[in-house]
Amino acid sequence: MGRIRRLVLDTLKPHDPTIIELAQSLSELGGVEAVNISIYEMDRKVENAKITIEGSDIAYDEIRAVISA
């Protein structure tokens, strides 16, 4: 099976944690070399975020766990 080297996600995230805290958590995962988060819409309770993750071997299940927490 091939390795995931770039993952682009369109997500809804609560205002807390901040995008800086989320990016730090994601960047600490193995295989992740770069994280870019852009907020393109804000609501009262959530933010619409485009999250781009790049690396040599991204573990999708770990990414999903961090974002869902």
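The values are calculated or read from the model by the stated rules, or taken from the named source; none is laboratory data. This one's a predicted model, so the numbers in the text were calculated from it and none came from an experiment. Quick reminder, even Gly has a Cβ in these numbers, built from the backbone with ideal geometry, and neighbours come from all protein chains shown. What goes into the accessible areas is simple: the full protein's heavy atoms, side chains included, and nothing from ligands, DNA or RNA. Shrake-Rupley method; radii C 1.70, N 1.55, O 1.52, S 1.80 Å.
Residue 57 passes all but one of (1) of a type outside the set (Phe, Trp, Tyr); (2) in a loop (DSSP other than H, G, I, E, B); (3) open to solvent by 90 Å² or more (accessible area, probe 1.4 Å); which number fails?
Residue 57 satisfies all of (1) of a type outside the set (Phe, Trp, Tyr); (2) in a loop (DSSP other than H, G, I, E, B); (3) open to solvent by 90 Å² or more (accessible area, probe 1.4 Å) except (3).
Assuming residue 3 fulfils every condition listed in (1) open to solvent by less than 40 Å² (accessible area, probe 1.4 Å); (2) not in a helix (DSSP H, G or I) apart from one, which condition is it?
Going through the list (1) open to solvent by less than 40 Å² (accessible area, probe 1.4 Å); (2) not in a helix (DSSP H, G or I), residue 3 breaks only (1).
Kindly provide the set of residues from the stretch 18-54 that are part of a helix (DSSP H, G or I), open to solvent by 40 Å² or more (accessible area, probe 1.4 Å) and either touching a Lys or Arg at 6+ places or on another chain (Cβ under 6 Å) or touching a residue at least 40 places away in the same chain (Cβ under 8 Å) (or both), ordered by number.
Step one: list which residues in the stretch 18-54 are part of a helix (DSSP H, G or I), which gives 19-27.
In the following step, the residues that additionally are open to solvent by 40 Å² or more (accessible area, probe 1.4 Å) were identified as 19-21, 24-25, 27.
If the condition is that a residue be part of a helix (DSSP H, G or I), open to solvent by 40 Å² or more (accessible area, probe 1.4 Å) and either touching a Lys or Arg at 6+ places or on another chain (Cβ under 6 Å) or touching a residue at least 40 places away in the same chain (Cβ under 8 Å) (or both), then 25 is the only one that fits.
Search the stretch 6-17 for residues being part of a loop (DSSP other than H, G, I, E, B) and open to solvent by less than 100 Å² (accessible area, probe 1.4 Å), and hand back the single one that is farthest from residue 67 (Cα to Cα). So that I can check it myself, show each step before the final result.
Looking only at the stretch 6-17, we keep the residues that are part of a loop (DSSP other than H, G, I, E, B), and these are 15-17.
Adding the requirement that they be open to solvent by less than 100 Å² (accessible area, probe 1.4 Å) leaves 15, 17.
Numbers: 15: 13, 17: 10 Å.
Restricting to residues being part of a loop (DSSP other than H, G, I, E, B) and open to solvent by less than 100 Å² (accessible area, probe 1.4 Å), the top hit is 15.
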